[in-house]
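Here the structure comes first, spelled out in structure tokens, and everything after it is commentary.
The values are calculated or read from the model by the stated rules, or taken from the named source; none is laboratory data. On a predicted model such as this, the values are computed, not experimentally measured, just so you know. When we count neighbours, we look across all protein chains shown, and the Cβ atoms used for this are built from the backbone with ideal geometry, even at glycine. These accessible areas exclude ligands, DNA and RNA; they are computed on the full protein's heavy atoms, side chains included. Shrake-Rupley method; radii C 1.70, N 1.55, O 1.52, S 1.80 Å.
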Amino acid sequence: MKTPLRHLITALGLAFSLGAHAAEPAKPDSIRIAVPDLSAGSKPSAGGVVDVLRDQQLLEKEFAKDGIRIDWHFFKGAGPVVNEALANGQADFAYLGDLAAIVGKANGLDTRVLSAGVRGVKSYLGVVPGSGIKTLHDLKGKRVAVFRGTANQLSFASALASQGLTERELKVINLDFNAANAALAAKQIDATWGLSNLLSLRERGLVELPVNSRDLEGAGSTQAVLLGTGDFIRKYPELVQRLVNAQEQASTWLRDEHNRAAYIDLVASNANWPRSILSDDLAKEDLAHYFDPRLDAGFVGQLQQGVDLAAKERLIRRGFQVADWIEPRFLDAALKQEQAVQAAR
């Protein structure tokens, strides 16, 4: 008995459909995001787009309909520990400072830069009051704490290079930010290169801040990026697009000057930092630029300078081209979608 043609076509169509679905990987149970924890309190915080995403539950809302859980993993060990999580297959995405991201890539981690996180974050030179240290040149032979393996180390190398100096002219000690601040307050070191948390020590008269990266015309400032693993991007490009779309909502909120006070309140609450410190640190920042997620020529150029400096200072074995590392298609699509939404309002 001959099989009717329409039955044969239906059977072939069903087989093709089943085969196509079999070729698609099943959606993951969770999306795992690794972040350095910058909080001084019991609640985790990374500031910037991370705190806004978590506060507004943007990712959780986006993926709830798929039954996909968002797992945030905060690490006190900052960049090096986040890189370990990526290397061990324990994270699908990461928000990282520039050096840690660069070191991971140079050491063979299969990552792609999906967007900028923040650009031009100020760094400060903190010194013991009355030490007489007024410039970076005054640090020669002094004990200076730097958080090695993080963006802080690359930032300090950039600041020194802008003045014709290198770490080899100093006595550099590897301490994380909290340990460095404690050592500086106890006068166990002469200086440290750190972030806005040094402002709290200045308020208490425990430190002087003679130089910051703005004084150096941007040398010593830091950037952060959103990384995705190559494996996740290849398997789930549609999920990556949705994640970047949700992040763009947070970025749009952050770049709105009307939200400056609300943002400062949010981070002060999450990170247990005095509001005045955050306000002072951001006082001269244009938030539309500061939180611009675009992988534009300026940002890519800064990353390339970071790669080249890291190679020169032997923080990585060999340099690489940032143009081959970035993956702008997801962000480009998200920005077009956001522009369409704004135009429709």
Worksheet item: Counting just the residues of segment 62-95 that are in a strand (DSSP E or B) and aliphatic (A, V, I, L, M), which one comes out farthest from Gly230 (Cα to Cα)?
Response: Ile70
Worksheet item: Taking segment 250-297 on its own, how many of its residues are open to solvent by 70 Å² or more (accessible area, probe 1.4 Å) and more than 26 Å from Leu125 (Cα to Cα)?
Response: 4
Worksheet item: Mind checking whether some residue in segment 229-249 is open to solvent by less than 10 Å² (accessible area, probe 1.4 Å), among the acidic types (Asp, Glu) and not in a strand (DSSP E or B)?
Response: yes
Worksheet entry | Selected residue [closer than 22 Å to Gln337 by Cα and at pLDDT 95 or above] from Phe232, Phe291 | Phe291
Discussion item. Which pairs turn up if I take residues in segment 27-47 that are more than 19 Å from Lys65 (Cβ to Cβ) and touching a residue at least 12 places away in the same chain (Cβ under 8 Å) and look for partners that are assigned to a strand (DSSP E or B) and aliphatic (A, V, I, L, M) with beta carbon separation below 6 Å, at least 6 apart in sequence or on another chain?
Written reply: Ala34/Ala94; Ala46/Val35
Discussion item. Filter segment 129-155 down to the residues that are assigned to a helix (DSSP H, G or I) and either open to solvent by 10 Å² or more (accessible area, probe 1.4 Å) or closer than 19 Å to Gly104 by Cα (or both) and list them by number.
Written reply: His137, Asp138, Ala151, Asn152, Gln153, Leu154, Ser155
Worksheet item: For segment 90-108, does any single residue satisfy the condition of being surrounded by fewer than 16 Cβ atoms within 10 Å (Cβ to Cβ) and either out of contact with any strand residue (DSSP E or B) (no Cβ under 8 Å at 6 or more places or on another chain) or free of Cβ contacts under 8 Å to residues at least 12 places away in the same chain (or both)?
Response: yes
Practice prompt. Kindly indicate whether Ser42 is modelled with pLDDT of 90 or more, over 28 Å from Leu154 (Cβ atoms), surrounded by fewer than 22 Cβ atoms within 10 Å (Cβ to Cβ) and among the polar types (S, T, N, Q).
Written response: no
Worksheet item: Does at least one position in segment 329-337 carry a residue that is within 30 Å of Lys76 (Cβ to Cβ), open to solvent by less than 30 Å² (accessible area, probe 1.4 Å) and in contact (Cβ under 8 Å) with a residue 12 or more places away in the chain?
Response: yes
